[in-house]
Structures are given as structure tokens and as C-alpha cells.
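Have a look at the structure below before the remarks.
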Amino acid sequence: MKTKKQQRTLALYIILLLLPIFYVNAYTKWDLPDGAKQRIGKGWISNLTYSPDGKRLIVECKNGIWIYDSHTGVEMDFIPNNGSEFYAVSPNTKMYVSVESENRVNIRSLDDESIITTLIGDTSKTWRVAFSPDGSKLATAVNDDILLWDLNTGELISTLIGHTSSVSQLAFSPDGNTLISDSWHDIVRMWDVATATEKWSLDQHRDSIKTVIFSQDGSKVVSVGKNPTRFQVMDMTTGKTHTIPYPYGINEIALSPDGKYIAIEDSKGVFLLYDINLNEKIVEYPGHKENRIRSITFSPDGKTLASGGEDELFLWDTLTGERKLAIAGHSNGCIGLTFSPDGNILATGSYEQINLWNLSLGTQQGMFYINEFYDRFETVAFSKDGNILVSQNGRYIHLWDIPLNTHLGVLTVNGGINKNSSAFLAGLEFSPDGELLAGGNEFNTAVHIWYKGRTHIDAFIGHTAGVTSVKFSPNGTILASASNDKTVRIWDVSTGSNINTLNGHLDRVHCVDFNEDGSILASCSKDNSIILWDMSNGDSTVIQSIHREEVRKIAFSNDGKHLVSCGGWEDNDVKVWDVNTGELVTTLIGHSYGVHDIAFSPNGQTLASGSLDGSVLLWDYNSILNTADKHELLAEDVNSDGVVDLQDLIFVVLQFGKTGVDNSADLNGDGVVNIEDLLLVAAALENINSAPQKITGTNVILDPNIVQQWITQSQTISNITPLQQKGLAVLEKLLLLFTPENTVLLPNYPNPANPETWIPYQLKAPSNVTIRIYTVKGELIRTIEVGQQPAGIYHSRNRAAYWDGKNEYGEHVASGSYFLTLSSGHFTATRQIIIRK
């Protein structure tokens with residue numbers, strides 16, 4: 001019996017036999033989240049891997065893993081990460097590493113996404129990984145240590161200790177017997193995998209290496225340092241190295257299977273093939289944007305070279321330099337979007353370019369590009385007739401002709417106080433009749449008005465800090481503007497007078513939007529709140545959002561019944577609010593990185609969300625509301641964020657002792673919130689595999705003492721129910737996760753310190769903790785008495801020990817190297833600190 005994915009792959013091959021395909025669609029319906037009907041864009045590329053038979057190209061992106069037929073470029077599969085972090089695909093392309101909720105590390109099948117094994121132990125600091133060639137072992141970097149895992153059992157085999165700063169590179173030799181590693185400001189080390197001992201080290205790259213590659217036969221190692229105007233070739237038999245100079249810096253590098261050639265993208269933006277023996281360029285590959293390649297790989301037979309940029313994926317004939325294939329649709333992040341007035345085109349802004357997507361045909365219609373390094377189009381808007389698109393990057397507003405697909409001109413911002421030539425948060429808005437264009441930017445205090453989007457006719461002055469958003473009322477008579485000065489101002493469009501100033505936010509205001517009849521104005525802020533303003537009397541209703549840190553964008557539904565919000569850089573979710581009640585209706589989960597913009601289509605049936613993961617999701621509005629009904633049935637989701645997790649435990653704890661009806665935390669309905677309700681939430685938790693250090697959005701920090709208190713209270717319950725017994729078992733499991741197996745002093749951060757630094761550690765048992773700082777000569781200059789601490793994890797800034805870079809006399813110490821020791825009971829450990837001012 002074939003799996004669904006095998007059946008889909010077979011169907012694709014049948015289609016290929018029957019129908020020639022010349023264009024690779026940038027749209028896809030692979031594995032869409034609930035409520036979404038289309039995905040646009042495939043995410044920016046981070047790594048490329050060929051399957052051993054050369055038939056598949058595996059593309060790791062911010063939003064998941066794409067699998068292509070390497071000869072045709074046709075999509076064979078897509079594995080969305082759904083909030084997890086994907087780290088690596090195995091050399092045999094059968095497995096990948098997925099870091100999931102609560103820092104659990106799973107090894108999953110690339111074929112059907114099933115879990116092959118789960119690493120057993122503390123995986124909370126995993127950030128670099130490497131598979132052995134046969135897929136039996138996994139090396140992971142945790143700070144300055146390297147952990148070797150048995151992938152058959154998930155158990156830790158050994159720990160490689162020797163680096164003095166965070167490990168930055170890992171690579172196995174082709175036979176799997178040797179592991180090469182490097183760390184920041186340290187030498188390259190080679191380890192014997194079987195004995196877990198260091199074989200030898202290389203000191204040619206004392207400034208750390210950027211890339212290290214074994215030749216296919218394992219006879220040589222090619223490495224590029226952080227000062228990349230040369231590369232080193234090491235003979236693995238003799239241990240000798242020789243240096244090959246290169247006139248420019250080296251950004252990315254790949255070694256051909258036969259070891260004869262190196263593919264290089266250099267700091268001049270040139271992508272070429274270099275002969276190692278002849279020390280000369282063989283061929284150049286034109287077409288990539290300058291300094292944008294993120295991964296290069298050779299096909300197993302060496303005849304094809306694949307190169308992936310942030311938003312480009314090309315396949316080349318290795319020796320002739322001819323481009324064999326271009327796979328479209330990858331994007332380096334969507335930070336702004338808007339629908340055309342007829343709803344047929346979606347314009348998405350990203351770094352240096354704007355993409356036009358034809359929603360009717362399902363194709364990319366066009367692209368506008370500005371060759372300014374990391375300028376970004378955060379604001380885009382269509383004219384009323386849809387023929388002109390305006391966009392803002394920095395202090396410039398660009399005008400684009402949609403039918404002709406050309407650049408028309410540039411508007412510069414004048415008036416107000418222009419403190420900076422580069423502005424990011426911005427607003428552009430055409431009036432409903434299309435006569436006026438309003439705009440502002442983060443470093444200009446004025447709201448600017450252009451006639452027909454061409455002639456500057458006015459500047460509304462009043463804000464005392466930069467303008468972040470503008471919005472016309474539906475009838476076009478008034479204009480609302482948001483500002484970094486924490487206010488919203490209401491302007492009479494005809495006179496330019498400031499009608500009203502709305503105060504209520506505690507931090508900068510990011511966005512404003514009117515409902516369908518202009519009776520309500522919504523504003524959102526960095527203070528993580530949304531305020532609904534009654535335009536008839538100025539009354540306000542505050543919605544305290546549960547976004548991670550702030551609310552960046554808001555949009556009313558066309559019927560005005562719902563308000564949609566997103567949180568920006570680190571918030572992957574979109575939230576839907578009931579305007580009448582202010583309650584959360586549902587959370588839309590589907591992006592893998594921060595959602596930066598949202599917009600409804602003109603007919604109100606589609607919601608678009610653009611993410612820094614490089615994709616846009618199109619959500620069916622009616623389906624969203626149906627999904628919301630399903631979420632409401634989950635009683636244990638007491639904070640209504642769409643998932644039952646440790647946040648819900650904290651929500652219940654904060655309600656302890658409260659009485660009355662209609663309290664979502666009172667799960668058993670006995671009229672009081674207590675430990676019995678906590679156990680019901682705990683019973684609904686799944687996959688608790690590691691302990692968080694802090695619960696987002698509260699001041700509550702979980703530690704073994706708090707969890708033990710819950711367990712103790714639970715044990716006093718008479719006639720405990722089976723479901724509560726299950727909750728108690730979950731709490732006992734959670735307690736184990738909070739208690740480290742060993743007392744450890746971890747590397748301080750930042751290091752180098754400038755001058756303050758935090759010193760993380762973990763305690764196996766309760767003990768008195770003391771930190772001492774010494775000079776390199778052994779002179780004690782500072783003692784920090786942390787005091788008696790319970791067993792637990794002290795990693796975050798609000799729990800780790802802190803040194804302000806001063807000695808016992810309150811004087812800042814000089815730049816240089818120092819040593820710190822941590823004493824806890826019979827345990828003492830030492831690490832180096834570098835002060836750099």
C-alpha cells in the first residue's frame with residue numbers, strides 16, 4: 001500500500017510523461033493550514049542538497065523543505081515546518097532534524113514526515129547539527145560543546161569538549177570516522193568519532209572558519225576563514241595544508257565530487273568555477289543578484305551545479321556555465337502587501353523588490369526591483385483604477401506603471417522634521433476617490449499629501465515624532481495618522497487642520513484602520529494593545545492583545561464585525577477579534593516566522609497574511625470563522641490562543657482563588673479556580689519534553705519549586721479523578737525536566753562583553769552560588785554573591801548571574817581577558833570573559 005505522498009509523487013511523474021512543463025508555478029496547495037486556500041511564495045533559501053541518485057533537489061527554506069525533480073524543476077513535495085525549526089537534511093536525503101515545541105528534537109522521515117527517533121536529553125540549546133553519512137549518528141552543537149547522538153536509540157553517545165567558544169561549524173568525513181568542528185575565535189578541531197577524542201587541530205583559521213568541506217573520497221578538506229581572501233586545502237593523510245590565495249572575499253563555496261573544482265561566490269558578487277590545481281577561473285555563472293547566494297551544491301555526477309539565493313534558484317551546466325533551469329517562486333520575505341481594486345493582483349513588497357501575483361491565473365505577473373542593498377518595500381498601495389502602484393523604501397516613494405510594468409518616477413518627502421534619510425515604518429494611502437495620496441515615514445513628523453499621487457500640495461504638521469501609518473475615512477473627508485509620539489491624530493482633509501488628538505497608548509502607535517462606515521477607528525501599538533475609538537464621541541475600548549510583544553498591523557473585515565491583527569518580527573500568528581465584545585475569536589497558525597502585514601481582498605472573502613518566512617497565505621474568511629467555532633470547543637485552552645500549552649497553566653495559576661461564573665479558568669465549574677482546574681489543563685498537555693525558562697507575556701518564571709508546590713497541593717485532593725491523576729503525572733514529568741542532571745557553568749553572553757554580561761548556569765541541587773572575577777594574572781577583582789538558589793535552570797537574563805563589568809570599587813575594568821569562576825557547594829568551574837569597549 002502506497003502512502004498518500006507516494007501516490008502524489010507517482011501522479012506527478014505520470015503528468016510529466018503526458019504534458020511538457022515549461023514554467024514552474026510559484027503557487028502551491030501543498031499541506032495548507034486549516035482555513036488557508038492558497039500559498040504564494042516558497043520562502044527564502046538557506047540550503048541545497050541533492051539526493052544520492054541526483055534525481056531530487058532538496059531545498060531548505062525558512063518555511064519548510066521543498067523537494068523538486070532536479071531535471072524538470074517540478075515540485076514533488078513540500079514539508080511545512082508549522083512553527084518548528086528545521087536544521088538539516090541527512091546526506092542520504094531520507095531524514096531531517098526538526099526542533100519542535102518545548103525544544104524537543106525529532107528526527108523525521110523526509111518521505112512521510114513520521115518520527116524516526118527523538119533525542120533523549122537536554123536539547124534546549126541545539127543550534128548546529130550534522131548527520132553522519134550513513135545516518136546512524138547526529139552531531140549537535142550546544143554552546144562550546146559537541147554532543148554525539150545514536151539515531152537508532154535517540155541516546156547521547158558522548159560529549160566532545162575542547163572548544164572555548166560557541167561551535168559554529170560541524171562536518172563529518174565521508175566515512176563517518178572523523179568530525180571536524182570550529183567555534184568563534186578558536187581553532188579548527190578534528191575528532192575521532194569512535195573514541196570521542198581530538199585527533200588534531202588547525203590554527204590557520206584563528207579567526208574562525210566560515211565553511212568547511214570534505215572531498216567525496218575524504219582525502220582532503222577545504223576550508224574558508226572569516227577573513228575569506230584565501231582558502232585552505234588540507235591533506236587528510238599527512239595533515240599538511242596549503243593556502244590558495246583569492247583576490248576577493250569568499251561568500252559561499254562548494255567542492256566538486258572529484259575534488260578538482262570549487263564553485264565560489266565572491267564579495268564582488270561574481271559566481272564562478274575555480275580550478276584548484278591550476279589556480280584559475282574556468283567559467284562564470286551570470287544571473288544572481290550581487291551577494292545573494294546562500295547555498296551552492298554539485299549534483300552527484302558533478303555535471304550540474306545548483307545555486308540558491310534568498311529568492312532565486314538556478315541549475316547550471318557546470319563546465320559551460322549555461323543555465324539549465326530556473327525555479328520560480330522563492331522569496332526573501334514579505335513585509336508589505338496590498339490587493340488591486342479588482343482583487344485580481346496581489347502586490348507583495350520585500351527587500352529590494354516588489355512581486356506582482358495574478359490571482360486569477362495563479363502566476364507571477366511581474367516584478368519591480370531597486371538595486372539598493374537591503375532597502376525594503378514595507379508599504380505598497382494601488383491607485384483607484386489599479387494602473388499605478390506606489391511603494392515606499394527609505395525616504396523615497398516610487399511610482400510604478402502596472403500595465404507597462406515600468407518605473408514611472410520618484411516622489412521625495414518634504415516638510416516636517418526629516419531626521420534620517422532611511423525610514424522603515426511607513427504609511428501610504430490613496431483617498432477613496434483616488435484624487436489624493438497621503439503618506440509619512442518613521443523619521444518625518446509631517447503627514448504629506450500629493451494630488452493624483454504626483455504633485456505635493458500639503459503637509460499636515462502636528463506630530464512630534466515620525467508618522468507610521470495613515471488611513472482615509474470611507475467618505476474621504478478625514479484622515480487618521482499614527483505616530484511614534486504615542487498618539488493618533490485626526491485631520492480635516494480639506495483644511496489640513498488637526499481636529500482631534502487621541503491619547504491612550506503607552507508606546508509608539510504602529511497602525512490605524514477605519515471600519516466600513518467610519519464610525520470606529522482602530523489603532524494598535526508597541527504596548528501590545530488595540531484601541532477601538534468611537535468617532536462620534538471619542539470614547540475608547542482597549543483590547544489587551546496576546547501577541548508576543550506588540551501589535552504591528554490591524555485590518556477590519558469588510559463587514560466591520562471582526563478585526564485582524566499581527567505581531568511582527570517574532571510573532572508567527574494572525575489573530576481575529578470580535579469588534580463588539582473585544583474577545584479573541586481565533587488564531588490563524590500557518591507561518592513559520594513573523595507575520596508582517598495583513599489585508600482583506602476588495603470583496604472581503606479573502607484575507608492575505610505576509611510573512612518574513614517568504615510566503616503569503618490566502619485565508620478563506622468564512623472558513624476562518626468556522627475554524628473559530630472548533631477552537632471554542634477546546635475548554636482547556638483557557639487563554640484562547642488556539643493551543644493548550646504551558647501558557648494555559650500560568651493563566652490558571654494567576655486566577656487562583658477567584659470565584660464567580662463565566663471564568664474560563666474554572667474548568668470543573670465549581671465556582672472557584674484552584675489546583676483542581678490546573679490539573680485538568682495539565683491533563684490536556686501533550687509532548688512536554690523540555691522546560692521553558694519564562695512564560696511569555698507574564699512575570700511568572702517556572703522553576704522546580706513552583707512545580708513542586710503544585711504537586712504538593714495536588715496530593716491533598718481527596719477523591720481525585722482519573723483525569724486529574726493524569727494531570728498530576730504530567731506535572732511530575734515537568735518537574736523532572738526542570739531539574740538538570742548536572743551542575744554546569746555555561747558561556748556568558750554577550751562575549752565579548754561591552755562591558756556588561758550575563759552568566760548562565762544550572763544547578764542539580766539547591767546550593768549557595770558565588771561568582772568570582774579574576775584577571776589573567778589571577779588577581780581577584782570582583783565577588784558576586786548570588787546566594788542560596790534552588791535546583792533549576794538559570795539561563796535567561798532575568799535568572800542568570802549578572803556582571804556589570806566593574807571591580808569591587810565600582811570602577812569599569814579595562815578591555816581584555818578575564819576569568820570567572822562559579823562555586824556551588826563542592827562544584828567549581830571556570831570560563832574566560834573578554835571585555836571589549
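The values are calculated or read from the model by the stated rules, or taken from the named source; none is laboratory data. What you are looking at is a predicted structure, and each value in this text was computed from that prediction instead of being measured. Please note: Cβ atoms are built from the backbone with ideal geometry, for glycine as well, and neighbour counts cover all protein chains shown. In case anyone asks, the SASA skips ligands and DNA or RNA and just uses the protein heavy atoms, side chains included. Shrake-Rupley method; radii C 1.70, N 1.55, O 1.52, S 1.80 Å.
General observations
- Under a 5 Å amide H cut-off, with hydrogens placed 1.01 Å from N, Gln216 pairs with Gly259 among residues at least 5 apart or on other chains.
- Put simply, when 444-450, 715-721 are sorted by average Cβ atoms within 10 angstrom per residue, most first, you get 444-450, 715-721.
- 14 Å beta-carbon shell around Leu179, net charge (K/R +1, D/E -1): -2
- By the combined test of axial Cα extent (at least 24 Å) and Kyte-Doolittle hydropathy (mean at least -1.0), the qualifying DSSP H helices of the chain come to 722-738.
- Gyration tensor (alpha-carbon) shape descriptor, the range 763-830, a/c threshold 1.5: prolate
- For Val786, net neighbour charge (Lys/Arg +1, Asp/Glu -1) across residues whose Cβ lies under 12 Å away: +1
- Positive minus negative residues near Thr123 (Lys, Arg vs Asp, Glu; Cβ under 11 Å): -1
- Paramagnetic reach from Lys837 in the range 719-761 [backbone N under 15 Å; point 7 Å along Cα→Cβ]: 753-757
- Peptides 654-663, 810-819 ranked from most to least packed by the mean count of surrounding Cβ atoms within 10 Å: 810-819, 654-663.
- Centroid-to-centroid separation of the range 744-811 and the range 513-538 [C-alpha atoms, Å]: 47 Å
- Given Lys240/Lys289; Lys37/Lys62; Lys125/Lys553, the pairs whose alpha carbons are separated by over 27 Å: Lys240/Lys289; Lys125/Lys553
- FRET efficiency, Lys726 to Asp134 (Cβ-Cβ, R0 35 Å, nearest 0.05): 0.30
- Gap separating the Cα centres of the range 586-615 and the range 220-281, nearest whole Å: 42 Å
- With R₀ fixed at 41 Å, the C-beta to C-beta distance from Tyr369 to Val542 puts the FRET efficiency at about 0.45.
- Residues whose placed amide H lies under 5 Å from that of Ile543, excluding near-sequence neighbours: Ile530, Ile531, Leu532
- Structure-derived percent of Cα pairs over 40 Å apart: which label, when the choices are [x] 51; [y] 66; [z] 46: [z]
- Here Asp150 sits with roughly 40 square angstrom of accessible surface, probe radius 1.4 Å.
- HN-Hα J in Hz across the range 321-329 - Karplus 6.51, -1.76, 1.60, θ = phi - 60°, x for Gly and Pro: x, 6, 7, 8, 7, 10, 9, 8, x
- Residue pairs exceeding 19 angstrom between C-alpha atoms, taken from Lys55/Lys94; Lys42/Lys471; Lys486/Lys561; Lys268/Lys303: Lys42/Lys471; Lys486/Lys561; Lys268/Lys303.
- Remark: the chain carries 42 Å² of accessible area per residue (probe radius 1.4 Å; ligands, DNA and RNA excluded).
- Computed in the context of the full set of protein chains, the accessible area of the chain at 1.4 Å probe radius has 49% of its extent on carbon or sulfur.
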